[in-house]
Structure formats: C-alpha cells, structure tokens
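Asks: Take a look at the following structure, please.
The values are calculated or read from the model by the stated rules, or taken from the named source; none is laboratory data. What you are looking at is a predicted structure, and each value in this text was computed from that prediction instead of being measured. Neighbour counts are summed over all protein chains in view; Cβ atoms, including those assigned to glycine, are modelled from backbone coordinates with ideal geometry. Just the protein is used for accessible areas: all its heavy atoms, side chains included, with ligands, DNA and RNA removed. Shrake-Rupley method; radii C 1.70, N 1.55, O 1.52, S 1.80 Å.
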Amino acid sequence: MLSVIGRRLAIAVPLVLLVSLLTFLLVPLIPGDPAATILGNTATPAQLASLRDALGLDRPLFERYLDWLTAALRGDFGTSFYDHSPVLDTIAARIPVTLSLTLAATLLSLVVGVGLGVLAAVRGGLVDRAVQLVSVVGMALPNFWLALVLVLCLAIWVPIFLPSGYVPFEDDPNGWLRSLTLPTIALGLASATAIALQTRASLTDLARRDFVRILRAKGVSRTSIITKHLLRNASGPILTVTGLQFVGMLGGAVVIEQVFALPGLGSLIFASVSKLDVPLMQGVVVVMTLLVVAVNLLTDLVSAWLNPKLR
C-alpha cells in the first residue's frame, strides 16, 4: 500500500505542475487588462504602464511563471492584485465553506444513492423502473434551476431554511445547518442519482453470482447477504463513482455558491476571473487541483481497504 501511495503521489506532482502551467498560459487569453480593470477607464497610459510594471505584467510569461513556481514551492502563492492580501490567507478563509458544502453534498448523495440503488436492485419490477426514471430526471435537472426552486419553495413561500448567506458552525450550529441545507440538496441530487444507478447495476450483477446462491442455500438472510456480501463487493465501483461525483461537485460549487451567496472557493474563483486577479486565480486552481488529487488518493485507499483483491 505504501508503494501504491508513493506512485499516486509521484503522478500527482507533474499533474499539479501541468495544471499550474496551463492556467498561467490560458489567463492571458481572457479578454481585458488587469491594470485597466484596477485603475478604471479614466487611467492615463502612463499610469497603466506604471501599474503593469509594478505587477510584473510586462515581463515574459515564462519568467513570471518560474518566479511564481519558485515562491509557491516555499508556500508563498503571492498577493492579490486588488487588496494585496496573501493568496493563501484568502483561500484559507474560504475553503471551510466549500468543503462543508461538498462534503455534506457527498454524504447526502452517498446515503440517498446507495439507498435507492439497493431498493431498486432488491425490489425490482415497478420500483426498479421508478428509481431509474427518477435517476434519469435527477441527472437531467440543472443544479442552478433546482437551487432556485428550492429557495422559492423552502425559503420564501415556506421560510424554513435561509435563502442565502453562510453562518459559521462555531457561531451557530443550527444556523450553519439551515444555511447549508438547500445548497447541499441542490448540489448533491444529481450525484445521488448517478450513485443510485451504479449501485443498482453492481448489485444486480452480483446477485446472479454463484456465491449468492450458496449463501441462500445455507439459509443466510437476505439482509445479511446484502449488507455483508453484496455491498462490500460492490463498494469499489460505488466509491469510484462517488469520488468522481465529488470532483464534479467542486466545479458545481461555483454556480451553487453564486446562487446562495456562499463565501467559498467557487465564488472566489468567479470573482478572481471577473477581476482578472491572476495570483488569486492561480492559487484557487492549484488548491482545487490538490483537493482532487487528495480525494482520488483517498478513494483508492478506501477501496483497497474494503476489497482484499485490490490489496
């Protein structure tokens, strides 16, 4: 397992470097000038040239990238073009919101998805077709549309949850739960349907295997067969899909955080792109890439722990 972890980390290093380099190469393609965005339309050419020189925007691209990479390896991701605050401090203040949202959505989608998948595989017939229909519809619904419907129904017409904003857990646990409930449902519904379809397919395939017939012949209860044998053997594909859905939810958080006015990484990267704040944009992309690498590694480790054949 240590060698597996070492290989995964060895692959992660060039991946993070490649993502950071591509981000640096693609940023100049975004229309606009950071200096003009900061100073406004009334700035003179001399003021624009002076600010570009101060920000280092007039230097060659690869020279700027090497300087950034050298500093990043020391833990310094630079400072924002606008408020001159350290990029890592800004990200550290925002990342708890995004992690709370994505982890809650992942947990919700895993519980609901596995439950629906088991129900469809065990019951079959009309229940199976109903679960498949609900899954297809759930995957087709845009999460921003679902978010608006949830706000309208459960925050405006029936004011149970907060329509927008974020309450830190340490300030008010109940307020934290109310502020994250609707975003979690909006973000996790499509993932729950994908996990449900994968769970149903895996359990349906495993139920035809010879070892299930032997267990039934020995008088093992259906509940024990499902919980101790089928789900354990199906855990690999389910966890793989869950990991992929978590990565997708990191991207979906950009939209959901905008709808619910959550101060997370999604809204931060949206603001950095709209303001052409290159250091902040670069830092958020690298941190989200590291999150993806960590989740993939964790998925592999948990899959190996559950399945002896992988070990």
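Asks: Could you give the nm distance between label points at residue 261 and residue 65, where each point is 7 Å from its Cα heading toward the beta carbon?
Replies: Between residue 261 and residue 65, the label points sit 4.0 nm apart.
Asks: Follow-up question, since we're still on this one. What is the gain in length, in nm to one decimal, between residue 302 and residue 82 on full extension, counting 0.36 nm per residue of separation less the C-alpha to C-alpha distance?
Replies: On the way: separation 220, 0.36 × 220 = 79.20 nm, distance 4.19 nm.
Stretched out fully, the residue 302 to residue 82 stretch lengthens by 75.0 nm.
Asks: Considering amide H positions built from the backbone, and no H for Pro or chain starts, which residues 5 or more places from residue 79, or on another chain, come under 5 Å of its amide H?
Replies: Amide H neighbours of residue 79: 87.
Asks: Per residue, how much accessible area does the chain have with a 1.4 Å probe, in Å²? Present the calculation step by step, with values, prior to reporting the outcome.
Replies: Numbers: 16540 Å² over 311 residues.
With the other protein chains kept in place, the chain gives 53 Å² per residue.
Asks: Can you grab the distance from the C-alpha centre of segment 204-229 to the C-alpha centre of segment 253-311, Å, no decimals?
Replies: 39 Å
Asks: Same structure, new question: Please find, in a Gaussian network model of the chain (springs between Cα atoms separated by less than 10 Å), the residue of 91, 38, 185 whose mean-square fluctuation is greatest.
Replies: 38
Asks: Using a 1.4 angstrom probe on heavy atoms only, work out the carbon and sulfur share of the accessible area of segment 1-75 in %.
Replies: Here it works out to 69 percent.
Asks: Can you compute the charge dipole magnitude of the chain about its Cα centre, using +1 on each Lys and Arg Cβ and -1 on each Asp and Glu Cβ, nothing else charged? Give it in debye, rounded to the nearest 20. Provide the component values of the computation, followed by the final result.
Replies: Working: 22 positive and 17 negative charges, 432 e Å.
Its charge dipole is roughly 2080 debye.
Asks: Amide H to amide H, which residues 5 or more places from residue 261 or on other chains are under 5 Å from it, using H placed in the peptide plane?
Replies: So residue 261 has HN proximity to 165.
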